[in-house]
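Each reported figure results from applying straightforward, stated rules to the coordinates on display, with no laboratory input. Remember, it's a predicted structure, so these values are computed and weren't measured experimentally. Cβ sites come from the backbone with ideal geometry, for glycine too, and all protein chains shown count toward neighbours.
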Amino acid sequence: MLLPLLLRPSTIGRSTLSASILLASHGVFAANIPGLSIDPEVFSFELSGVLMEDFTYLDQLSRYNAPASQWTTRRSSIAAQMTFLDFVSLELDLGVDLEKDEYEWRDVNVSLDLPNKWEFNAGKMKQNFGILHSSSLKNQLSPERPIALDLLSLERGTGIALQKSFGRNYLGVAYFDGDEQEDTKVTSVLANYVFESDSSSYWHAGLSVASEAYDQSVYRAQTQAATDVMDDFLRTEKITADRVNYFGPNFAWQSGRLTVLSEHLQTQVKSKLEGDRTYSGSYIQASWFLSDHQHRFNEGSLKSLPMGNTKALELVSTFSRLDAYSEGDGFAADTFGIGVNYYLNENLKLMSELNHLSVNRGDYAGDSGMSLVVRFQLEF
C-alpha cells in the first residue's frame, strides 16, 4: 500500500505528517519506558529542518531606472526520515511558505538498500543531474547557482530510480513524470555515472544524460541574472518541442582546504514545427578555507560540512558562461562572482556573494550589472 501512495504525493496532507511524527515520538519516548524500548536497528526516526533568508541587491542594469532589492525566504522546510529494519527508509520533506501560509511536499519517497550495493528509490524526489543539481541547496558553495545551471530545468518529479555501486564507480538510472507547469506534462529518462578516485587528494569525474518527452508541449529556456530580482530579464522564446535532450560531464577535485567544481551543460531542443535549438553553458567554481576544514563528497554530490564545535571561514569564486542564443533569439551572458561563507557551527551559516553580469548577445547585448546576494541559513 505504501508505494502507490508515494507515487501520488499530492494526496498526502497534514494528517500524514502528524501521524508520522506521533509514530516516531512513540518510538523515541518508548525507549525511556520499561518494556517498551525499540531497537534502533528495527526503527529509527530523525526530524530536521532548514530556514534560508536571502537579501538581493541589483544595480547598473539599464532595465531599471533605480537599483532593485528584495528579501526572499529561499527555503523553509521540515523533513522527517524514518528507517525500518535497517534497509527501508521513508523520507518526508514539507516545504512551508511562511508569507502565504501554504505548504507543499517537496520530497516524499521510500528508499530500499538492497543486497550487492543496489539501492531503489520511489516517490517524489530530485532528479540527479551533475554535481550541484544532485547536491542539496544547503550544502552548495555559494548562495546563487552559476548562471549556466539555470538553463537546465530538470526539476523534482515523481518516479523511480535505481543505483548501483561498483567499488569506486556509481551508476544510476531513473524514470520521472514531471509536475505539470503551464499545461505541460513532461516525462524524463535519466542516467548518471560517477567515478571517484581512491588517493590522497580526492577527485571524481561524472557524466549525466537525460531525455524529456514534450510531445509538442511548450519548452522555454530561462534564467535570471544571478539574482531573483531580475524576473524576466533573460529568457528565450517559447518553443513547441517534441523532445529535449541533456548532456552534462562534470569534474570535482579537492586537495586539503581547496575544492574545485566544474560542469559543462548542453541542452538540445528538438522541434519539428520551429526547428532544433542547442543551448550550452559551463562554469568553474573554487573554494578555499582559511580555517582547517574541507568539504566532503559522496557519489558525486556535496555533503554537509563536518564542523564539530569549531567555526569556519571560506572564500569562494565562480565564473559561469551561458550561450542561450539561437535562431536570432535568446541571449548569451557571463557572470563572475566572489563570495565569503562563515560557518558559526554545524547549524548556522552566513553567505555573501558579489556577482558581475555581462550580456554578450541578444536584445540586451552590451549591458552589464552588479548584484549582491546575502543569505542567512539555519538548520535545526
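Would you kindly state how much longer the chain becomes between residue 238 and residue 203 on full extension, computed as 0.36 nm times their sequence separation minus their alpha carbon distance, in nm to one decimal? The partial results should precede the final answer.
On the way: separation 35, 0.36 × 35 = 12.60 nm, distance 3.88 nm.
Length gained between residue 238 and residue 203: 8.7 nm.
Taking neighbour counts of Cβ atoms within 10 Å as a proxy for exposure, in what order, fewest first, do 272, 303, 100 appear? Write down the numbers at each step before the final one.
Working: 272 10, 303 13, 100 7.
Ranking 272, 303, 100 by Cβ neighbours within 10 Å, fewest first, gives 100, 272, 303.
Using the 10 angstrom Cβ neighbour count as an exposure proxy, how do 204, 264 rank, fewest first? Walk me through the numbers on the way to the answer.
Details: 204 20, 264 17.
Final ranking by Cβ density, sparse to dense: 264, 204.
Spin-label point model (7 Å from Cα, Cβ direction): what's the residue 175 to residue 139 distance in nm?
2.8 nm
For the pair residue 303 and residue 315, how long in nm is the line joining their label points, each one 7 Å along Cα→Cβ?
Placing both labels 7 Å beyond Cα along the Cβ direction yields 2.8 nm.
Contour minus end-to-end for residue 296 and residue 276, with contour as 0.36 nm per residue of separation and end-to-end as the Cα-Cα distance?
On the way: separation 20, 0.36 × 20 = 7.20 nm, distance 3.97 nm.
Extra length from residue 296 to residue 276 when fully extended: 3.2 nm.
As an exercise, take the mean of 1/r over every pair of distinct alpha carbons in segment 203-327, invert it, and state the Kirkwood radius in angstroms.
Details: mean 1/r = 0.0586 Å⁻¹.
After inverting the mean inverse Cα-Cα distance, the result is 17.1 Å.
Identify the residues of segment 358-372 with backbone N under 11 Å of a label point that sits 7 angstrom from the Cα of residue 59 along the Cα-to-Cβ direction, or state none.
Only 370-372 pass the distance filter.
Could you work out how far apart the two model spin labels at residue 70 and residue 348 are, taking each label as a point 7 Å from the Cα in the direction of the beta carbon, and quote it in nm?
About 2.9 nm, to one decimal.
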